[in-house]
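Engineer: Sharing a structure below in C-alpha cells format, with a few things to ask.
The values are calculated or read from the model by the stated rules, or taken from the named source; none is laboratory data. All figures in this text were calculated on a predicted structure; none of them were measured in a lab. Cβ placement follows ideal geometry from the backbone for every residue including glycine, while neighbour counts extend to all protein chains displayed. For accessibility, only protein heavy atoms count, side chains too; no ligands or nucleic acids. Shrake-Rupley method; radii C 1.70, N 1.55, O 1.52, S 1.80 Å.
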Amino acid sequence: MCEQLDVYKDCISKQLEEIDMLSSIYCSPGEMHIFDPGVITDFNEFLQSPSNENIPKYLKAHMDFNIVLQCSCDAMGKSQSKLEVRVELPHLYPLLENAIVIVHTPLLSKNKELFLKKELENFIETMDTSETYIYQVLSWIQDHIDELIQMNANEIEDTTKTTAVVGNKNDLVDFERLWIYSHHIKSKTKRQEIVKQSRNLDLSGFSRPGKPGIICVEGLKDHTQTFWQIIKGMRWQKITICKVESMRNHREKLDLLRRFEGFKEQLFCEDVENENAVMNMGLFIKYLEAHKSDYMKKELFGIK
C-alpha cells in the first residue's frame with residue numbers, strides 16, 4: 001500500500017507542477033479554464049497527508065480543464081480562428097494512465113475530427129510517460145491543425161468508416177445494438193464525448209452517467225463498432241459490452257429496427273438536477289419497458 005501511495009503522490013505532484021506551468025503560458029483572459037479549482041486544494045491536501053487512507057477522500061475528482069488555441073486560418077482562408085482543447089488528467093497520469101485530450105472546433109468535418117483524434121492518440125502513445133506532456137501535445141495540435149483544416153477530404157484515409165454509406169435502398173445492411181456497462185461514468189469529458197460521437201455516427205440510444213454507467217447505442221454495425229473503439233480507448237476502471245443484438249434488413253427499413261429516438265443522457269432519478277443522485281431502479285425498468293428492452297434488467301443487474 002505504501003508503494004501505491006507513493007505512485008499516487010508522484011503523479012499528483014507532477015500534475016500540479018504542470019498546471020502551474022500551463023497557467024503561466026496560457027495566461028491571457030479566456031485562454032485556460034480549470035472547471036473545478038477546488039481540485040487543486042484537494043490535491044495539495046492529499047500531498048500533505050501521510051496516510052493512504054486519504055486517497056479516496058482527497059482524490060474525488062480529476063484535473064479537468066480547457067485551453068483555447070489560435071489557428072492561423074480556417075477552411076475559407078479567414079485568419080485567427082480559435083479551437084478549444086479539453087484535457088482530463090486521470091489520477092495516475094502520467095506514469096500509468098494517458099491524458100484524455102479532445103479538440104472541439106466547428107472548423108473540422110466529422111471525418112477530419114476523427115482523423116485528428118486518431119493521430120492525437122498515436123502521438124500521445126509516443127510520449128515519455130515518466131514526465132508530463134500536455135504542453136507537447138498542445139504544441140503538436142497547433143503545428144498540425146492548419147494543415148488538417150486545409151486538407152482535401154480525399155487526402156484523409158477513412159479509417160473510421162463514418163462517411164455516409166451510398167447504396168441501393170434495397171441493399172441489405174447490418175444493424176447492431178450494443179449494451180455497454182461501466183463501473184462508473186463521471187468524467188465530464190467522457191460524457192461529452194459519448195454524446196458527441198453517438199450523434200456524429202447517427203446512433204440512437206442513451207447513456208446513464210454515474211455509478212454504474214450504462215450506454216446503449218444502435219445503428220449501422222460499422223458505426224456502432226467505431227463508437228465502441230473510440231469509447232473503450234478512453235481509459236476506464238471497467239467497461240465491457242454485456243450484450244450485442246445484431247440483425248439485417250433493407251437499407252430503407254433500417255430505422256424501423258431502432259427502439260430509441262436520437263441519443264440522450266438519462267439519469268433515472270427523481271432529482272434530475274443532481275447528477276450524483278442514486279439511480280431509481282423503478283424508473284430505469286419503466287424506461288426499458290417503454291423501449292421494448294425490459295429483458296436487459298436481468299442482463300445488467302440479474303433482476304428477473
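Engineer: Only four residue types carry charge here, +1 at the Cβ of Lys and Arg and -1 at the Cβ of Asp and Glu. Report the dipole size of the range 172-301 about the Cα centre in Debye, rounded to the nearest 20. Walk me through the numbers before you get to the answer.
Structural biologist: Details: 24 positive and 18 negative charges, 83 e Å.
About 400 debye.
Engineer: Hey, if you put +1 on the Cβ of every Lys and Arg and -1 on every Asp and Glu Cβ in the range 1-154, which of Met21, Ser109, Ile34 ends up farthest toward the positive end of that dipole?
Structural biologist: Among Met21, Ser109, Ile34, the one farthest towards the positive end of the dipole of the range 1-154 is Ser109.
Engineer: Compute the distance in nm between two label points, each set 7 Å from the Cα along the Cα-to-Cβ direction, one at Lys82 and one at Arg251.
Structural biologist: Here the modelled spin labels are 4.1 nm apart.
Engineer: What number results when the radius of gyration of the range 1-154, computed over Cα atoms, is divided by 2.2 N^0.38 Å? Write out the running numbers ahead of the final one.
Structural biologist: Details: Rg = 17.3 Å, N = 154, 2.2 N^0.38 = 14.9 Å.
The value comes to 1.16.
Engineer: Continuing with the same structure: Would you mind working out the accessible area per residue for the chain, using a 1.4 Å probe, and quoting it in Å²?
Structural biologist: Numbers: 15930 Å² over 304 residues.
Value for the chain: 52 Å² per residue.
Engineer: Under the rule of -39500 (n - 2.57) per DSSP H run of 4 or more residues, summed and divided by the residues of the chain, what mean residue ellipticity at 222 nm is obtained, to the nearest 500 deg cm²/dmol? Please list the in-between numbers first.
Structural biologist: Working: 9 runs with 113 residues, N = 304.
The helix-only estimate for the chain comes to -11500 deg cm²/dmol at 222 nm.
Engineer: Something else now. Subtract the Cα-Cα distance of Lys196 and Leu16 from 0.36 nm times their separation in residues, and report this length gain in nm to one decimal.
Structural biologist: Numbers: separation 180, 0.36 × 180 = 64.80 nm, distance 2.93 nm.
Once the chain is fully extended between Lys196 and Leu16, it gains 61.9 nm.
Engineer: Further, regarding this structure: If the chain between Ser49 and Lys264 were fully stretched, how many nm would it gain, using 0.36 nm times the residue separation less the Cα-Cα distance? Don't jump to the answer; show the numbers that get you there.
Structural biologist: On the way: separation 215, 0.36 × 215 = 77.40 nm, distance 4.06 nm.
Extra length from Ser49 to Lys264 when fully extended: 73.3 nm.
Engineer: A further question on this structure: Share of the chain's accessible area from carbon and sulfur, percent, 1.4 Å? Please list the in-between numbers first.
Structural biologist: Numbers: 7630 of 15930 Å².
Carbon and sulfur atoms account for 48 percent of the accessible area of the chain.
Engineer: Mean shadow of the chain, computed from the convex hull of its alpha carbons, in nm²? Walk me through the numbers on the way to the answer.
Structural biologist: Working: hull surface 73.3 nm².
Taking a quarter of the hull surface, the average projection is 18.3 nm².
Engineer: Express in Å², to the nearest 10, the accessible area of Lys82 obtained by rolling a 1.4 Å probe over the protein heavy atoms while all chains stay in place.
Structural biologist: 130 Å²
Engineer: Sticking with this one: Just to confirm the filter: which GluC sites (Glu not before Pro) across the range 98-157 are DSSP coil and have at most 15 other Cβ within 10 angstrom of their Cβ? Please list the in-between numbers first.
Structural biologist: Numbers: sites: Glu113, Glu119, Glu121, Glu125, Glu131, Glu147, Glu155, Glu157; in loops: Glu131, Glu157.
Loop-located and lightly packed - Glu131, Glu157.
Engineer: Over 21 Å apart: what share of the alpha carbon pairs of the range 172-301 falls there, rounded to a whole percent?
Structural biologist: Cα-Cα pairs of the range 172-301 separated by over 21 Å account for 37 percent.
Engineer: Sticking with this structure for a sec: Of Lys82/Lys188; Lys14/Lys82; Lys57/Lys238; Lys118/Lys264; Lys9/Lys190; Lys112/Lys292, which sit over 30 Å apart, Cα to Cα? Write out the running numbers ahead of the final one.
Structural biologist: Numbers: Lys82/Lys188 22 Å; Lys14/Lys82 28 Å; Lys57/Lys238 21 Å; Lys118/Lys264 25 Å; Lys9/Lys190 24 Å; Lys112/Lys292 36 Å.
Violating the 30 Å Cα-Cα cut-off are Lys112/Lys292.
Engineer: If you place +1 on the Cβ of every Lys and Arg, -1 on the Cβ of every Asp and Glu, and leave all else neutral, what size is the dipole of the chain about its Cα centre, to the nearest 20 Debye? Write out the running numbers ahead of the final one.
Structural biologist: Details: 38 positive and 47 negative charges, 329 e Å.
So the dipole magnitude of the chain works out to roughly 1580 debye.
Engineer: So how much slack lies between Leu95 and Lys232, counting 0.36 nm per residue of separation and subtracting their Cα-Cα distance, in nm?
Structural biologist: Values: separation 137, 0.36 × 137 = 49.32 nm, distance 1.98 nm.
My answer for the length gained is 47.3 nm.
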